[in-house]
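**Student:** Structure in structure tokens, see below.
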Amino acid sequence: MQLVLYITDDCSFCEQAMTLLGSIGQLSGSTLLTHDIAYDDQLFNQYGEKIPVLRIGNHELIWPFTSVEVVNLVQTVASRS
């Protein structure tokens, strides 16, 4: 499963989100892609004040999110595939 984390440089919340995602064992086998919104005007306009944002399929979690919320979303998306 592919997870996308929208971030930007010098974002302490983004670093916390990446640490959290790295600590979730249930995500092994998933691919985590990061996108720095500073280099994409559309993403910056969409997520500028919301980052970090985790996108899985058509679903998003806006920070702060917990490991339980991430795992629940992964399971929900996986069950619909």
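**Student:** Return the sequence-ordered ³J(HN,Hα) values of the stretch 31-46 in whole Hz as given by the Karplus equation 6.51 cos²θ - 1.76 cosθ + 1.60 applied to θ = phi - 60°, using x for Gly and Pro.
**Tutor:** Each residue's phi maps through the Karplus curve to give 10, 9, 9, 10, 10, 7, 5, 5, 9, 9, 4, 5, 5, 4, 5, 6 Hz.
**Student:** In whole Hz, with x marking every Gly and Pro, tabulate ³J(HN,Hα) for the stretch 71-81 from phi via Karplus 6.51 cos²θ - 1.76 cosθ + 1.60, θ = phi - 60°.
**Tutor:** Running phi through 6.51 cos²θ - 1.76 cosθ + 1.60 with θ = phi - 60° gives 4, 4, 5, 4, 5, 4, 5, 5, 6, 8, 7 Hz.
**Student:** Still on this structure, please answer the following. Computed FRET efficiency, Cβ-Cβ of Ala78 and Asp41, R0 22 Å: what is it to the nearest 0.05?
**Tutor:** For R0 = 22 Å, the calculated efficiency reads 0.10.
**Student:** Assign one of three labels to the chain, namely rounded, prolate or oblate, based on the Cα gyration tensor with a ≥ b ≥ c the square roots of its eigenvalues; rounded applies when a/c is under 1.5, prolate when it is not and a/b is larger than b/c, and oblate otherwise.
**Tutor:** Note, shape of the chain comes out prolate.
**Student:** Can I ask one more? Once amide H atoms are placed 1.01 Å from N in the peptide plane, what residues at a sequence separation of 5 or more from Asp36, or on another chain, have their amide H within under 5 Å of its amide H?
**Tutor:** Ile7
Coordinate-derived values only; no laboratory data. All figures in this text were calculated on a predicted structure; none of them were measured in a lab. Quick reminder, even Gly has a Cβ in these numbers, built from the backbone with ideal geometry, and neighbours come from all protein chains shown.
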